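Here's the structure we're looking at; comments come further down.
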Amino acid sequence: VGEQALLKCSFRSSSPITESLLVDWTYRPLTGGQMETIFHYRSVPHPTTGGRFKDRIIWVGNVANGDASIAIQSPELSDNGTFICSVKNPPDV
């Protein structure tokens, strides 16, 4: 709580990294409920524009190095839940 939280995500791809590469981060609260997309990357970072993580997610990854990590600023106990990183690099998934 209070310190920036780093959510690491690394990947390997059998295809060259291109501008088609997509990264999606989704979140489900510990209490259950709907999964929500909290971060999207395609060529450039697209943080969420609404919801509980609005203005608190920073892209810290580097897709050229197989890194799709994000950081959450000012995390709170209520942010606890499941975070899923999904990387697609067509034609490799």
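Taking trypsin sites (Lys or Arg not before Pro) across the chain, the ones in a DSSP loop with at most 16 further Cβ atoms lying within 10 angstrom of their Cβ are LYS8, ARG12, ARG52, LYS54. Average accessible surface for the chain: 62 Å² per residue, computed with a 1.4 Å probe over protein heavy atoms with every protein chain in place.
Derived scalar couplings between HN and Hα for the range 5-22 equal 9, 8, 10, 7, 8, 10, 8, 10, 9, 7, 9, x, 6, 10, 6, 7, 4, 10 Hz in order, rounded to whole Hz, by the Karplus curve 6.51 cos²θ - 1.76 cosθ + 1.60 (θ = phi - 60°), x for Gly and Pro. Ranked by solvent-accessible area (1.4 Å probe, protein heavy atoms only, all chains present), the residues LEU6, LEU21 order from largest to smallest as LEU6, LEU21. Between ALA71 and GLN4, the distance separating the two model label sites (each 7 Å from Cα on the Cα→Cβ line) works out to 0.1 nm. Can you list which of the GluC sites (Glu not before Pro) found in the chain are DSSP loop residues with at most 16 other C-beta atoms within 10 Å? In loop regions of the chain (DSSP not H, G, I, E or B), the sparsely surrounded GluC sites (Glu not before Pro) are GLU3, GLU19, GLU76.
Using a 1.4 Å probe on the protein chains only, how many percent of the accessible area of the range 13-93 belongs to carbon and sulfur?
Carbon plus sulfur share of accessible area: 52 percent.
Let's see if you can work this out: charge +1 on each Lys and Arg Cβ, -1 on each Asp and Glu Cβ, no other charges. What is the dipole magnitude of the chain about its Cα centre, in debye to the nearest 20?
Dipole about the Cα centre, nearest 20: 100 debye.
The values are calculated or read from the model by the stated rules, or taken from the named source; none is laboratory data. What you are looking at is a predicted structure, and each value in this text was computed from that prediction instead of being measured. Glycine gets a Cβ as well: all are built from the backbone with ideal geometry, and neighbour counts include every protein chain shown. Heavy atoms of the whole protein, side chains included, go into the accessibility calculation; ligands, DNA and RNA do not. Shrake-Rupley method; radii C 1.70, N 1.55, O 1.52, S 1.80 Å.
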